[in-house]
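Notes to accompany the following structure.
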Amino acid sequence: MAKYRLDYIWLDGYSPVQNLRTKCTIKEFDEFPTLDQLPEWGFDGSSTKQAEGGDSDCILKPVALFPDPTRVHGILVMCEVMLPDGTPHPSNARATIADDEGTWFGFEQEYFLYQDGRPLGFPEEGYPEPQGLYYCGVGYSAVGDIGREISDIHLDYCLEAGINHEGINAEVAKGQWEFQIFGKGSKRAADEMWVARFLLQRLCEEYGLDVNYHCKPVKGDWNGSGMHCNFSTEYLRETGGKEYFLKLMDAFEENVEEHIAVYGPDNDQRLTGLHETQSIDKFSWGVADRGASIRVPHSFVKDDLYKGYLEDRRPNSQGCPYKIASRVIKTIQSVSV
């Protein structure tokens, strides 16, 4: 038997942005455990805005586990929050996903690294050089800080944890970075995004940095941060067709308010029609159009097949991948095939 450190991870009840919470316990196993071997656990919901003090017990239900890349015999345990009667807590957005393995999601997480209350690389007063050379930049003047080091270590941690991390790059603004997570299955993709966020934030603790996910932390002529949502279904990948695609776009347009409601707070500051965005009160789609609500890849329309994947560019960097995936699936399911 070996002792394992289990770090249980969950989302609190804060609104409009939920925060990651974690606590650890030690358990003995003969070998690396399976999900069904992990016990449920409780926590004080009155300290996380998920219960009242007089009836504060909430339940952590393990839903995914990952080896902790920073420890021997360490396990990261992503959990849903449940009520004592076994039903999902109102803050549990994962439970609202109508999941199936045929739905694939890819999330592109942009973020700023912050130090001493400002983006990494910004001077104490004023601004650095305007946007231009930072995006996918190389060299000290473009990315000459510890941002690349953190981004690289984070990538390694995710891969060692078994998270399907697909890539990184410096983003358009100084101190801004991006990583991408892909999953075959909406719950799987969203679980891995939350654990990837957890690993990034925990890593930044060692550097005295914060991860700022706000969609527009720097006002003015600087890009905001998004979490573009790439999605496909088995029907979109295998059958598709222009008629179905147009019906799908009509459904997305009819549900604009419902999508914006779960695509992250303060999106009006980011979705302005500038900086590669469509205005928050409009809906559009376009082939290779980064200023559209939904970007249609050239590969999708190749040979007039209209099949493959699509990119919803409206979700922002503070969006909850559980809520985003749930809403996208609901809109897709409203369209007859």
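Per-residue answers, yes or no, for (1) of a type in the set (Phe, Trp, Tyr); (2) in contact with a Leu (Cβ under 9 Å, 6 or more places away or on another chain):
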site	(1), (2)
GLU238	no, no
GLY241	no, yes
PHE245	yes, yes
ASP250	no, no
VAL262	no, no
PRO265	no, no
ASP268	no, no
LEU271	no, no
HIS275	no, no
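Given the condition touching a residue at least 60 places away in the same chain (Cβ under 8 Å), more than 25 Å from HIS228 (Cβ to Cβ) and surrounded by 20 or more Cβ atoms within 10 Å (Cβ to Cβ), answer yes or no: does some residue in segment 52-69 qualify? Spell out how you get there, then give the answer.
Restricting attention to segment 52-69, the residues satisfying the condition of being touching a residue at least 60 places away in the same chain (Cβ under 8 Å) are 63-64, 66-69.
Add one more test, that the residue is more than 25 Å from HIS228 (Cβ to Cβ), and what stays is 67-69.
With surrounded by 20 or more Cβ atoms within 10 Å (Cβ to Cβ) added as a condition, the list becomes 68.
Looking through segment 52-69, at least one residue is touching a residue at least 60 places away in the same chain (Cβ under 8 Å), more than 25 Å from HIS228 (Cβ to Cβ) and surrounded by 20 or more Cβ atoms within 10 Å (Cβ to Cβ).
Condition check ((1) closer than 22 Å to ASP152 by Cβ; (2) modelled with pLDDT under 95) across all residues:
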{"site": "ARG197", "(1), (2)": "yes, no"}
{"site": "GLN201", "(1), (2)": "yes, no"}
{"site": "GLU205", "(1), (2)": "yes, no"}
{"site": "ASP210", "(1), (2)": "yes, no"}
{"site": "HIS214", "(1), (2)": "no, no"}
{"site": "LYS219", "(1), (2)": "no, yes"}
{"site": "THR233", "(1), (2)": "no, no"}
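Could you please tell me which pairs satisfy a Cβ distance under 6 Å, a separation of 6+ or placement on different chains, a first residue in segment 311-327 that is in contact (Cβ under 8 Å) with a residue 12 or more places away in the chain, and a second residue that is among the small types (Gly, Ala, Ser) and part of a helix (DSSP H, G or I)?
Within 6 Å, the pairs are PRO321/ALA190; TYR322/ALA190; ALA325/SER186; ALA325/ALA190.
Which count do you get for residues in segment 101-151 that are touching a helix residue (DSSP H, G or I) at 6+ places or on another chain (Cβ under 8 Å) and closer than 30 Å to LEU60 by Cβ?
From segment 101-151, those touching a helix residue (DSSP H, G or I) at 6+ places or on another chain (Cβ under 8 Å) are 102-107, 109, 111, 113, 120-121, 129, 133-134, 137, 150; that's our starting set.
So of that shortlist, the ones also closer than 30 Å to LEU60 by Cβ come out as 102-107, 109, 111, 113, 150.
Looking only at that region, the number is 10.
Could you list, in sequence order, all residues of segment 261-289 that are surrounded by fewer than 18 Cβ atoms within 10 Å (Cβ to Cβ) and either outside the structural domain of PRO130 (by TED's automatic domain parsing) or within 17 Å of GLN109 (Cα to Cα) (or both)?
PRO265, ASP266, GLU276
Only one residue in GLU311, GLU258 is closer than 29 Å to SER91 by Cα, out of contact with any strand residue (DSSP E or B) (no Cβ under 8 Å at 6 or more places or on another chain) and outside any loop (DSSP other than H, G, I, E, B), so which one is that?
Selected residue: GLU258, the only one of GLU311, GLU258 that is closer than 29 Å to SER91 by Cα, out of contact with any strand residue (DSSP E or B) (no Cβ under 8 Å at 6 or more places or on another chain) and outside any loop (DSSP other than H, G, I, E, B).
Taking segment 139-153 on its own, how many of its residues are out of contact with any strand residue (DSSP E or B) (no Cβ under 8 Å at 6 or more places or on another chain) and closer than 20 Å to GLU166 by Cα?
Adding up the residues that qualify gives 2.
Of the conditions (1) crowded, with 19+ Cβ neighbours inside 10 Å; (2) farther than 20 Å from GLU171 by Cα; (3) in contact with a helix residue (DSSP H, G or I) (Cβ under 7 Å, 6 or more places away or on another chain), CYS229 fails just one. Which one is it?
Condition not satisfied by CYS229: (2).
I'd like the residue in segment 20-39 that is touching a residue at least 24 places away in the same chain (Cβ under 8 Å) and surrounded by 12 or more Cβ atoms within 10 Å (Cβ to Cβ) and, out of all such residues, is farthest from GLY319 (Cα to Cα).
PHE29
For segment 290-299, state whether one or more residues are crowded, with 20+ Cβ neighbours inside 10 Å, of a type in the set (A, V, I, L, M) and not in a loop (DSSP other than H, G, I, E, B).
Restricting attention to segment 290-299, the residues satisfying the condition of being crowded, with 20+ Cβ neighbours inside 10 Å are 292-296.
Subset that is of a type in the set (A, V, I, L, M): 292, 294, 296.
Keeping just the survivors that are not in a loop (DSSP other than H, G, I, E, B) gives 294, 296.
Among the residues of segment 290-299, at least one is crowded, with 20+ Cβ neighbours inside 10 Å, of a type in the set (A, V, I, L, M) and not in a loop (DSSP other than H, G, I, E, B), which makes the answer yes.
If I filter segment 156-165 down to residues being more than 15 Å from the chain's Cα centre (by Cα) and not acidic (Asp, Glu), which single residue comes out as farthest from ASP210 (Cα to Cα)? Explain how you work it out, then say what you get.
Step one: of segment 156-165, the residues more than 15 Å from the chain's Cα centre (by Cα) are 156-157, 159-162.
Keeping just the survivors that are not acidic (Asp, Glu) gives 157, 159, 161-162.
Details: TYR157: 18, LEU159: 22, ALA161: 22, GLY162: 24 Å.
Among those that are more than 15 Å from the chain's Cα centre (by Cα) and not acidic (Asp, Glu), it is GLY162.
Only one residue in GLY121, GLY117, GLY74 is assigned by TED's automatic domain parsing to the domain that holds LYS216 and farther than 30 Å from ARG290 by Cβ, so which one is that?
Details: GLY121 fails: farther than 30 Å from ARG290 by Cβ; GLY74 fails: assigned by TED's automatic domain parsing to the domain that holds LYS216.
Testing whether each residue is assigned by TED's automatic domain parsing to the domain that holds LYS216 and farther than 30 Å from ARG290 by Cβ leaves just GLY117.
May I ask you to verify whether ARG188 is farther than 19 Å from HIS228 by Cβ and surrounded by fewer than 24 Cβ atoms within 10 Å (Cβ to Cβ)?
Against the criterion (farther than 19 Å from HIS228 by Cβ and surrounded by fewer than 24 Cβ atoms within 10 Å (Cβ to Cβ)), ARG188 does not qualify.
If only one of GLU238, GLU243, GLU258 is free of Cβ contacts under 8 Å to residues at least 60 places away in the same chain and surrounded by fewer than 22 Cβ atoms within 10 Å (Cβ to Cβ), which one is it? Even if it seems obvious, please write down each step before you answer.
On the way: GLU238 fails: free of Cβ contacts under 8 Å to residues at least 60 places away in the same chain; GLU258 fails: free of Cβ contacts under 8 Å to residues at least 60 places away in the same chain.
Answer to the selection: GLU243.
The values are calculated or read from the model by the stated rules, or taken from the named source; none is laboratory data. Small disclaimer: the values here were computed from a predicted structure and weren't measured. Reconstructed Cβ throughout: ideal geometry from the backbone, glycine too, with neighbour counts over all protein chains shown.
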